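Q: Sharing a structure here in structure tokens format.
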Amino acid sequence: MTVSRVINNQAGVRAETRRLVEDAIQALSYTPNTAARSLVTSGELRIGVIYSNPSAAFMSEFLTGIYEEASAHGAQLFLLKGEGGAPPSAEAIRNFVAIGLSGAILAPPLGEAARVVDMLHKAGIPLAAVGAHDVAGTSCVRIDDRAAAYEMTMHLIELGHRRLGFVVGNPDQAASAERLAGFYAAVREAGDAEVRLAQGDFSYSSGLAAGEQLLDAPLPPTAVFASNDDMAAAVVSVAHRRQLDVPRMLTVVGFDDSAAAVTLWPPLTTIGQPIRRLAAEALAEVATAGAAPRKAGETGREKILDYVLIKRSSTAPPAETVSAGSAADEAVRPS
């Protein structure tokens, strides 16, 4: 009762006792369990969505899935954005928690941002993270990134490509490492492929830099696999600027099947992950978590959804394998 009065700034507590309680709160880094408090005081679901993803196309699909599922659950949504692709500040997260959230959803890459996850765990808020892998105490909703990247790379190899470029995603995300691992698994299986890597961070601008780096090589790749569609679209832009026909002179493939995949020419061959459904499943996870969130250190639930390889117009066999007639046609085609 005394602690409650101090936390809620009520009268009836001696000054020295109040000081002792406040010292104890500070020493223990205690924060009130606002999720439990909101459930006691109201049956209304208040779901927080925290994001800093630089891909506008990804976030458009993600938020659409969130809104649709929130409507089905009668939940109120509260959004918190990190600026410049970085997580929100500790103060912003504390203020966000203080509104009394029933649960929180983390868009990639924040599901693996340790400070953000730890603060929400300490507040006792049920968490779901989209695209994250094996985050303690958190429900992770994702696809099998490694298997998807393996399948895409095998598709390039089966087309005849042996000089392969790969644009790596955000180094702070497990999904980036998983996609790279799937790529390498296929390369090892082929046995005779040459590989060039370029580092990106899932943003279009990083894809531009990666595309320049790969195509500046003395013997550039005949196919580039970018870890998301935004970076793949950027590589296509670099190719066009260099008057390289895609896919006749350079094959480019992506990952996500976001709006970016079909709003450029040629449309991208890509891995389709159900972004809207991933987001909706994450919201369903926290909406049903109730007043018994998992504790930090406990194993979180993993939900793995299906993906699909979508073949469009950005892929073709490498130019050196085309017929003599096709090669002659290429030689006289205006630049």
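The values are calculated or read from the model by the stated rules, or taken from the named source; none is laboratory data. Since this is a predicted model, take the numbers as computed values, not measurements. Cβ: placed from backbone, ideal geometry, glycine included. Neighbour counts: every protein chain shown.
Q: Just the residues that are modelled with pLDDT under 95 and of a type in the set (Gly, Ala, Ser), please, taken from segment 104-116.
A: 107, 111, 113, 114
Q: Now a separate question. So in segment 125-172, with the set limited to residues that are in contact with a Ser or Thr (Cβ under 9 Å, 6 or more places away or on another chain) and among the β-branched types (Val, Ile, Thr), which one is farthest from residue 212 (Cα to Cα)?
A: The extreme case among them is 125.
Q: Take residue 124 and decide whether it is closer than 30 Å to residue 238 by Cα, at pLDDT below 95 and in contact with a helix residue (DSSP H, G or I) (Cβ under 8 Å, 6 or more places away or on another chain).
A: no
Q: Can you tell me which condition residue 307 does not meet? The list is (1) surrounded by 17 or more Cβ atoms within 10 Å (Cβ to Cβ); (2) in contact with a Lys or Arg (Cβ under 9 Å, 6 or more places away or on another chain); (3) modelled with pLDDT of 95 or more, and all the others hold.
A: Of the numbered conditions (1) surrounded by 17 or more Cβ atoms within 10 Å (Cβ to Cβ); (2) in contact with a Lys or Arg (Cβ under 9 Å, 6 or more places away or on another chain); (3) modelled with pLDDT of 95 or more, the odd one out for residue 307 is (2).
Q: Taking segment 172-201 only, how many residues are part of a loop (DSSP other than H, G, I, E, B) and of a type in the set (A, V, I, L, M)?
A: The number of residues fulfilling the criteria is 1.
Q: Looking only at segment 99-113, decide whether some residue is farther than 26 Å from residue 70 by Cα and under 19 Å from the mean Cα position of the chain (by Cα).
A: The answer is no; no qualifying residue exists.
Q: Here's another thing I want to ask about it. Can you tell me how many residues in segment 42-66 are part of a loop (DSSP other than H, G, I, E, B) and in contact with a strand residue (DSSP E or B) (Cβ under 9 Å, 6 or more places away or on another chain)?
A: Total meeting the criteria: 4.
Q: Could you list, in sequence order, all residues of segment 56-65 that are out of contact with any Ser or Thr (no Cβ under 6 Å at 6 or more places or on another chain) and either crowded, with 24+ Cβ neighbours inside 10 Å or on the phi > 0 side of the Ramachandran plot (or both)?
A: Hit for segment 56-65 is 62, nothing else.
Q: Return only the number of the condition from (1) on the phi > 0 side of the Ramachandran plot; (2) modelled with pLDDT of 95 or more; (3) not acidic (Asp, Glu) that residue 202 does not satisfy.
A: (2)
Q: Pull up segment 248-298, narrow it to residues that are buried (at least 21 other Cβ atoms within 10 Å of the Cβ) and among the polar types (S, T, N, Q), then point me to the one that is modelled with the lowest pLDDT.
A: Result: 258.
Q: Filter segment 210-247 down to residues that are touching a Phe, Trp or Tyr at 6+ places or on another chain (Cβ under 6 Å) and farther than 20 Å from residue 317 by Cα and give me whichever is surrounded by the most Cβ atoms within 10 Å (Cβ to Cβ).
A: 228
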